[in-house]
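The values are calculated or read from the model by the stated rules, or taken from the named source; none is laboratory data. A quick note: this is a predicted structure, and the numbers were derived from the prediction, not measured. Cβ coordinates were reconstructed from backbone atoms using ideal geometry, including for glycine residues, and neighbour counts include every protein chain displayed.
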Amino acid sequence: MENLAHSASFDSEDKDAPSKPGIKHLALGRLDGVTSILPAPPLFIFMYVRKEALLSSQIEGTQSSLSDLLLFEADELPLVPLNDVEEVSNYIAALEHGLDRMRGGFPLSLRLIREIHGVLLKAGRGASSQPGEFRHSQNWIGGTRPGNAMFVPPPPDQLMQCLDAFEKFLHTDDRLPNIVKAALAHVQFETIHPFLDGNGRLGRLLITLFLCANKVLREPTLYLSLYFKTHRGTYYDLLQRVRMAGDWESWLSFFLEGVTETADQAAKTAQDLLRLFEADAHRIQDLGRAAASAGMVHGLLQRRAIVTIQKAAQELSLSEPTINSALGHLISIGIVREVTGKQRHRVFAYQAYLDRLAEGTEPRRP
């Protein structure tokens, strides 16, 4: 790991440094700054976390959409296999578990990584792959067996030596910018591949946790998996080129470009959504006496994007007829759309909000 750090190290002020990490820090700073001035930061964090969870899971082949996830969280049946949505839901729980532990003073460590993995695979397809336990058998990447695999990670008897070096690297006080360390740590984790399942999702989750642990981000607002999904072939190819040829420079340029692109996009999304909420709030004021209850439902939809009458009544402590009437008014002015076409068990979406959030999250088709 010391060689890893040495071979990829450079001065953050060096004009020839790959992709100018200082500029990437500015992009993250803009994103963090936008988050800090939002009138309701938890609202955006709630959705950004779900977007990252969804995108990271889609890289592994799940077919869940953002609407499916929000339906699942509203206790409604999604339109895809339940396992797909459970994987995304587990990712959210795993990230929140890691952040809660770190906020309580627990370091980003092998112990915490095992805990997070246990949450990530607590249900669904990965539940039989030893959640929370480092592997005791050989795994491989690509192919049907180690003999024809694209890459074979370290054998079990060398696993802890590699993981100990990885943990030391996370906490080494060196001259590397933290954003560069996050990029290097991701490759190293994916190369060690310490679990039987879930390594890709956990490795991407660790990027966010590392940036939050080192105060680069105050909140998990960077959905970098959007960039990885968009450039999925290049992403996997560059990971392999580091392993086989030591091509750190190409990986770092790719990673840092992704940080800039995604951070700028996330900041723009936040600003666009603020304008949408404000414009719709003004339209609601024109409803007259119905504005009060419609405004409350509008506030709930900003937090959820998809609701049912029953859930809205429960969360807002209003009667179901009042919620039904408020939703009717919001439909009449084009803010809300009923998405089932049914007379019972109806589901309502804040469509413009959902569409803006869902950009880039369409499932990857085989």
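Across segment 223-260, which residue is nearest to LEU357 (Cα to Cα) among those that are acidic (Asp, Glu) and in contact (Cβ under 8 Å) with a residue 40 or more places away in the chain?
Going through segment 223-260, the residues acidic (Asp, Glu) turn out to be 237, 247, 249, 257.
So of that shortlist, the ones also in contact (Cβ under 8 Å) with a residue 40 or more places away in the chain come out as 249, 257.
Values: GLU249: 32, GLU257: 21 Å.
So, considering only residues that are acidic (Asp, Glu) and in contact (Cβ under 8 Å) with a residue 40 or more places away in the chain, the one nearest to LEU357 (Cα to Cα) is GLU257.
What's the number of the only condition in (1) surrounded by fewer than 16 Cβ atoms within 10 Å (Cβ to Cβ); (2) touching a helix residue (DSSP H, G or I) at 6+ places or on another chain (Cβ under 8 Å); (3) of a type in the set (Gly, Ala, Ser); (4) at pLDDT 65 or above that SER64 fails to meet?
So SER64 meets the others, but not (1).
Out of the helices (runs of 4 or more DSSP H) lying entirely within segment 73-187, which hold 2 or more residues that are aromatic (Phe, Trp, Tyr)?
On the way: elements: 82-103, 110-120, 156-171.
Hits in segment 73-187: 156-171.
For segment 224-253, which residues satisfy the criterion of being over 25 Å from ILE45 (Cα atoms) and among the aromatic types (Phe, Trp, Tyr)? Steps first, please.
Looking only at segment 224-253, we keep the residues that are over 25 Å from ILE45 (Cα atoms), and these are 233-253.
Residues satisfying the conditions are TYR235, TYR236, TRP248, TRP251.
Anything in segment 100-112 that is touching a residue at least 40 places away in the same chain (Cβ under 8 Å) and surrounded by fewer than 19 Cβ atoms within 10 Å (Cβ to Cβ)? List them, or say none.
As a first pass, look at segment 100-112 and keep what is touching a residue at least 40 places away in the same chain (Cβ under 8 Å): 102, 107-110.
Result: MET102, PRO107, SER109, LEU110.
Quick one: in segment 210-257, which of the residues that are closer than 23 Å to ALA53 by Cβ, assigned to a loop (DSSP other than H, G, I, E, B) and among the charged types (D, E, K, R) is farthest from the chain's Cα centre (by Cα)?
LYS215
Quick check on this structure: which one of GLU167, GLU87, GLU115 is surrounded by 16 or more Cβ atoms within 10 Å (Cβ to Cβ), at pLDDT below 95 and among the acidic types (Asp, Glu)? Don't jump to the end; show me each part of the working.
Working: GLU167 fails: at pLDDT below 95; GLU115 fails: at pLDDT below 95.
Of the residues listed, the single one that is surrounded by 16 or more Cβ atoms within 10 Å (Cβ to Cβ), at pLDDT below 95 and among the acidic types (Asp, Glu) is GLU87.
If the requirement is being touching a residue at least 60 places away in the same chain (Cβ under 8 Å) and under 28 Å from TYR48 (Cα atoms), which of these qualifies: THR308, THR340? Can you show your working first?
Working: THR340 fails: touching a residue at least 60 places away in the same chain (Cβ under 8 Å).
Just one listed residue meets the conditions, THR308.
For LEU70, are the conditions met, namely being touching a strand residue (DSSP E or B) at 6+ places or on another chain (Cβ under 8 Å), outside the structural domain of THR308 (by TED's automatic domain parsing) and within 21 Å of THR221 (Cα to Cα)? Step through it out loud before you land on a result.
Details: touching a strand residue (DSSP E or B) at 6+ places or on another chain (Cβ under 8 Å): yes; outside the structural domain of THR308 (by TED's automatic domain parsing): yes; within 21 Å of THR221 (Cα to Cα): yes.
Against the criterion (touching a strand residue (DSSP E or B) at 6+ places or on another chain (Cβ under 8 Å), outside the structural domain of THR308 (by TED's automatic domain parsing) and within 21 Å of THR221 (Cα to Cα)), LEU70 qualifies.
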